[in-house]
Every structure is written in C-alpha cells, then in structure tokens.
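Before any comments, here is the structure.
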Amino acid sequence: MSDVTNEAGVAAGDSVSHGNSPALGDGTRAVRAGLPDPVTYEPTLPGPVFAAHYHLPGEPTGPYTYGRDDNPTWTHLERAIGELEAPGEPVETVVFASGMAAISAVLFSQLRAGDTVVLPNDGYQALPLLRERLEAYGVTVRTAPTAGDAQLGVLDGARLLWIETPSNPGLDVCDIRRLVREAHGAGVLVAVDNTLATPLGQRPLELGADFSVASDTKGMTGHGDILLGHVTSADPELAAGVRRWRKVVGAIPGPMEAWLAHRSLATLQLRVDRQCASALTVARALLERAEVSGLRYPGLPSDPSYPVASRQMRRFGSVVSFVLPDREWAERFLAGLRLVDDATSFGGVRSTAERRGRWGGDAVPEGFIRFSVGAEDPEDLVADVVRALDGAAR
C-alpha cells in the first residue's frame, strides 16, 4: 500500500476488495453489515431478542436452544463484525460481554498447563493480571516489547503469540505479517488485539493472524455506553473452542447491548474517518509545543512506527499520546480542557484524555497523556488543547 496518507489518515490509493462486491466501500459495508434478508413489513434490523429459552420439542437440534448458548441478536452482530473483519471470506465471530472476556476466551481456550504464551510487556494494563492467572494454571508466560518485533526473540517453543498493535498506551507498532510468518513457521498460533485500530484501520486475519480480538467497548461501538468484545477467526475449530469457552463461563453479552452495538456499527466509517483526520490534526498541533515530548501517533510521518504502520494499517486510529513535564503539569492541562472528558476509555465520539500513570499499571512517565480524539470539529478541539496547554504552563 502507499506510504502517502490523506487528511483522513487513510492510505492513498488503498483499494478495498469485498469478495463478491468489490465495488463496495467501508461505509457501505458498515451500514449494511449483518442485516438479514428483507422481509415485507419487518424492520431492517430486527429488535433485540430477550429469551432465556426457546420452543424446543423433540431432539434439541437447531440454531437456538438456550439463552446461554446463542441468541438471534448475537447472530446478526457476529455476522456484521465478520463482514468487517474479513470481507468476502468465511470467518466466525464470537461476541462477549466485554473485551477482557474476549481476550480471556482466546487465552484460556487455547492454552494448557505446560504450554508457553508470549505476551507484550507494554500492552493493555490488565495483561499482567492475566499473566498471574495463566502462571497459576501452569502456563509459562514470556514477555517482550511491541516495537522492533521484539517478541520474536522469545518465541521458541511457544503455543500462542499475543500481539497488540498499535500498543496501548505507547502506540508502538509491530510487523504483523513478519510475526505471523515466523510464528506459523514454528507452529505457533497468533492472536492480534485490534482494539485501537478497528477492522477499518487494520485487518489482522488478512495479514495472516489466527485470531482478531477487540474490546468493542471502544471504537467499534464508539459511544461509551456499551461493554462488549469479540473474537474472529477463519479456522472453524479454533472458533469452536472460543465459543465453547463462552458457553462454559457464561461470558455472554446482553441482547440489548448486542443490538445497540449492531446499530452503532452503521456509523463506524463516518466516526473513524472523522476521528483519524482530527487525531492527525491534533498531533500536528502538539508537534509545535515545546513542553510536549514523546509525541506518538502512527499516522505522523515522523513517528517511529510510521514505516511499518503505513504498510499494514488503512487508518491510524483515534489515539495520540504525549508527555508533559511532570504530574502537576499534566493535571493542570487536563483540568483546563473544556471539550475533552477526563476518562479512561478511548475510541468514542466525545474526546477523552487522562494521565495514564494514575492507574499505576503502565510503565509511563508521570506526565504521560493518552488522548482519544472524538468527533468534535477539529479546529475547536485544537483550540481547546492549545488553550489548556497555555494555561498549564503558567
């Protein structure tokens, strides 16, 4: 793909292939993903199905038997996500009650006592909690940074490689194709946490991964009002293991949440394009500030991750990270923002920012800011950021 990006943070000249519908763009696909065949006088997207059980005479066969096993509302959403993850390809998606439920399902369905897993040491802050559980169950855990494809150095003898790219919150990027090639050559499965990019920014299955995993609480649903996660795989046997894990532990989404998520997917391309364009604008403005250091955004040509990101990402995400001189400076900056909420999530239509070190789980400086760019007018957002930075410096 081209290394030149347009103002929306989308790779220029990037063609989109959609199997039987090669002319469809991301917006068209997002709007129509997972919709059932039209039925006269029925809604385009059926409402949520609230059911613990279904009519089931005779032998217990058929698609819906019990509410913990499956639900028609999940089915529509899973088909929709699958169409976005791998357009035109046969894949299976399993939705979960949260992103952590989805992550846990892959790890605990695929790993056994005596296995080895490779995790990033700079990924989502809940990964150390998972490491404790895995090690308690007899799984060996190795870690390495995301940048420089460093996880390859500890891959020998592993059962599963877990990639998070771009990493959260540092925004480092690794070469998915390279890691998949080396891992598969050694008989190692590969899972990619694609939360920050979403399928419109990056498609791990097309890059060779066995699992694409995401917290749909973030950019996929984009409104900060739903907890949800998913796992998608092109391998039916691997997907069956993940689905079985969901059934056993009961990590199921509510039908209302699933329906709201499907509804929200219709605006995914609109939201993501606006957020990526504005994130690039904000990042460029931050480049001009002397008090800002460690600025990271994969879509900036000056960013260390840009060469790899521009080869495998179609959009660069909504998150910008940077460092202010100290904790107090960062707190003054956050307090001075008027259009940005001080909150711990990202990917939503309303911009959020936080001093990430307040949680204590990330190896970041005290003045480290994770900034999630929303759908506000970019000039208003930049003006707010500049004003807050000016106020924090006084």
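If you go through segment 220-240, how many residues are outside any strand (DSSP E or B), open to solvent by less than 10 Å² (accessible area, probe 1.4 Å) and either in contact with a strand residue (DSSP E or B) (Cβ under 9 Å, 6 or more places away or on another chain) or more than 30 Å from SER318 (Cα to Cα) (or both)?
Final tally of qualifying residues: 3.
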Of the conditions (1) assigned to a strand (DSSP E or B); (2) touching a residue at least 40 places away in the same chain (Cβ under 8 Å); (3) closer than 14 Å to ALA183 by Cβ; (4) of a type outside the set (A, V, I, L, M), the single one that ARG142 does not satisfy is (2)
So ASN121 ticks every box in (1) touching a Gly at 6+ places or on another chain (Cβ under 9 Å); (2) open to solvent by 10 Å² or more (accessible area, probe 1.4 Å) but one. Which box is left unticked?
(1)
Filtering segment 312-332 down to residues that are in contact with a strand residue (DSSP E or B) (Cβ under 7 Å, 6 or more places away or on another chain), hydrophobic (A, V, I, L, M, F, W, C) and over 18 Å from ASP122 (Cβ atoms) yields LEU324, ALA330
Based on this model, can you work out whether SER167 counts as closer than 30 Å to PHE322 by Cα, open to solvent by less than 10 Å² (accessible area, probe 1.4 Å) and among the hydroxyl-bearing types (Ser, Thr, Tyr)?
yes
Filter segment 52-97 down to residues that are touching an Asp or Glu at 6+ places or on another chain (Cβ under 7 Å) and in a loop (DSSP other than H, G, I, E, B) and give me whichever is least open to solvent (accessible area, probe 1.4 Å).
ALA86
Which ones in segment 98-121 are among the polar types (S, T, N, Q) and assigned to a loop (DSSP other than H, G, I, E, B)?
SER98, ASN121
Per-region count, segment 36-51, residues of a type outside the set (D, E, K, R) and open to solvent by 50 Å² or more (accessible area, probe 1.4 Å):
7
Could you give every pair whose Cβ atoms fall below 6 Å, whose first residue belongs to segment 203-232 and is of a type in the set (Lys, Arg), and whose second residue is at pLDDT 95 or above and open to solvent by less than 30 Å² (accessible area, probe 1.4 Å), counting only separations of at least 6 or pairs across chains?
LYS218/THR195; LYS218/PHE346; LYS218/GLY347
Looking only at segment 117-143, and only at residues there that are of a type in the set (Gly, Ala, Ser) and within 20 Å of the chain's Cα centre (by Cα), the one that is nearest to SER98 (Cα to Cα)
ALA126
Looking for whichever is modelled with pLDDT of 95 or more, farther than 17 Å from VAL282 by Cα and outside any helix (DSSP H, G or I) here; the options are PRO304, PRO298, PRO365. Which one fits?
PRO304
Residue check, ARG338 against (1) buried (at least 19 other Cβ atoms within 10 Å of the Cβ); (2) not in a strand (DSSP E or B), all met but one. Which one?
(1)
Quick check: is even one residue across segment 166-179 of a type in the set (Lys, Arg), part of a helix (DSSP H, G or I) and over 23 Å from THR93 (Cβ atoms)?
yes
Scanning segment 278-295 for residues that are touching an Asp or Glu at 6+ places or on another chain (Cβ under 9 Å) and surrounded by fewer than 21 Cβ atoms within 10 Å (Cβ to Cβ), which turns out nearest to PHE211 (Cα to Cα)?
LEU295
Determine if segment 185-193 includes at least one residue that is among the charged types (D, E, K, R) and assigned to a helix (DSSP H, G or I).
no
Scope segment 361-385; condition in contact with a strand residue (DSSP E or B) (Cβ under 7 Å, 6 or more places away or on another chain) and surrounded by fewer than 20 Cβ atoms within 10 Å (Cβ to Cβ); matching residues:
PRO365
Residues of segment 124-143 classified as closer than 13 Å to LEU155 by Cβ and either surrounded by fewer than 16 Cβ atoms within 10 Å (Cβ to Cβ) or of a type in the set (Asp, Glu) (or both), total
0
Among the candidates PRO304, PRO298, PRO325, residue that is open to solvent by 10 Å² or more (accessible area, probe 1.4 Å) and within 17 Å of ASP172 (Cβ to Cβ):
PRO304
What are the residues in segment 285-307 that are closer than 24 Å to THR146 by Cβ, more than 18 Å from the chain's Cα centre (by Cα) and not small (Gly, Ala, Ser), if any?
LEU286, LEU287, VAL292, LEU295, LEU300, PRO301, ASP303, PRO304, TYR306, PRO307
Check segment 253-265 and report whether any residue there is surrounded by 20 or more Cβ atoms within 10 Å (Cβ to Cβ), in contact (Cβ under 8 Å) with a residue 60 or more places away in the chain and part of a loop (DSSP other than H, G, I, E, B).
yes
Report the residue count in segment 181-208 for those that are on the phi < 0 side of the Ramachandran plot and open to solvent by 10 Å² or more (accessible area, probe 1.4 Å).
13
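The values are calculated or read from the model by the stated rules, or taken from the named source; none is laboratory data. Worth saying up front: this structure is predicted, and the values here are computed from it rather than measured. Neighbour counts run over all protein chains shown; Cβ positions are idealised from the backbone, glycine included. Ligands, DNA and RNA are excluded from the accessible area calculation, which covers all protein heavy atoms including side chains. Shrake-Rupley method; radii C 1.70, N 1.55, O 1.52, S 1.80 Å.
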